[in-house]
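A.B. asks: Before anything else, here's the structure in question.
The values are calculated or read from the model by the stated rules, or taken from the named source; none is laboratory data. Because the structure is predicted, anything quoted here is derived from the model rather than measured. Side chains included, ligands, DNA and RNA excluded: accessible areas come from the protein's heavy atoms. Shrake-Rupley method; radii C 1.70, N 1.55, O 1.52, S 1.80 Å.
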Amino acid sequence: MDPTPTSEQQDPMPESMSETQPPVTEQKHKGLSTADVVAALRELGPLVSSIGIGSLILPGALGTTLIAGTFTSLGSVALVTRLGELLDPSGTARLVAIAAMVFAPFMAIATGSMLLPTYAMSFVAGVFFGSIGGGTAAMFGVTFGALVGYGWGYLLARGRVMEVIERHENASIVRTALVNRSFMQELGMVALIRVPANSPFAMTNLLMSSTGVRLWPYLLGTFAGIAPRTLFGVWLGVQAQDIAMAQSRDRTTQIVLLVLGLVIFV
């Protein structure tokens, strides 16, 4: 009787396999390098690359400036509001309503054109127009701002972006998995993208419009997903204005306003 073969004799590893398959411990994920980013920007072209970079830089810089200016004018706004309510309450209410109606399309154009962030404009709406007027104006502004951003992405970036995607198999697979879905699935995807407070409005407008997300899921998903953070920004503006109206600008009030500003910034 032949002796029982050892494990090495039972399962010899082919020489070709040992040469072509490195150990698992040596297979590391390769991250996106600076060279990869530069190559992608070159492939997209100067126009699309400039729009993408601008959508990341401009809203943050201009939004911080807008919030800082709003904080410095809180005392004056509170004084004017109080005087108006004492002298002509109904006239002041009509004036605020008209101002909110003018503010809403301005917000849509500014946020949709990658100039100002939604959180800064929502805060300003709360400061000047209160809970109901500010909330209505802000929701109108962000929803139609998404429509403006969709138009810019469709006109300026979609053709070029789709050309690049079609040249890269992996990019085509990812786009198909995300976009080629049912109406409700696409709507849910857009809503989930909009919910996080750190989701950049201008950049996501550009990405979704240029990669072919359908218009109605895009609009409805934006409205549903962005509502919580937009209304929270309005609420912070209302609280800041209430504090400015209830107290003089002493040291305690300044500290409270500073904390609110930091919360909005973060």
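A.B. asks: What accessible surface, in Å², does a 1.4 Å probe find on residue 184, ignoring ligands, DNA and RNA and rounding to the nearest 10?
C.D. replies: Approximately 130 Å² for this residue.
A.B. asks: Of all the C-alpha pairs in the range 125-241, what % are more than 22 Å from each other? All intermediate terms of the calculation are to be shown ahead of the outcome.
C.D. replies: Numbers: 2627 of 6786 pairs.
Percentage above 22 Å: 39.
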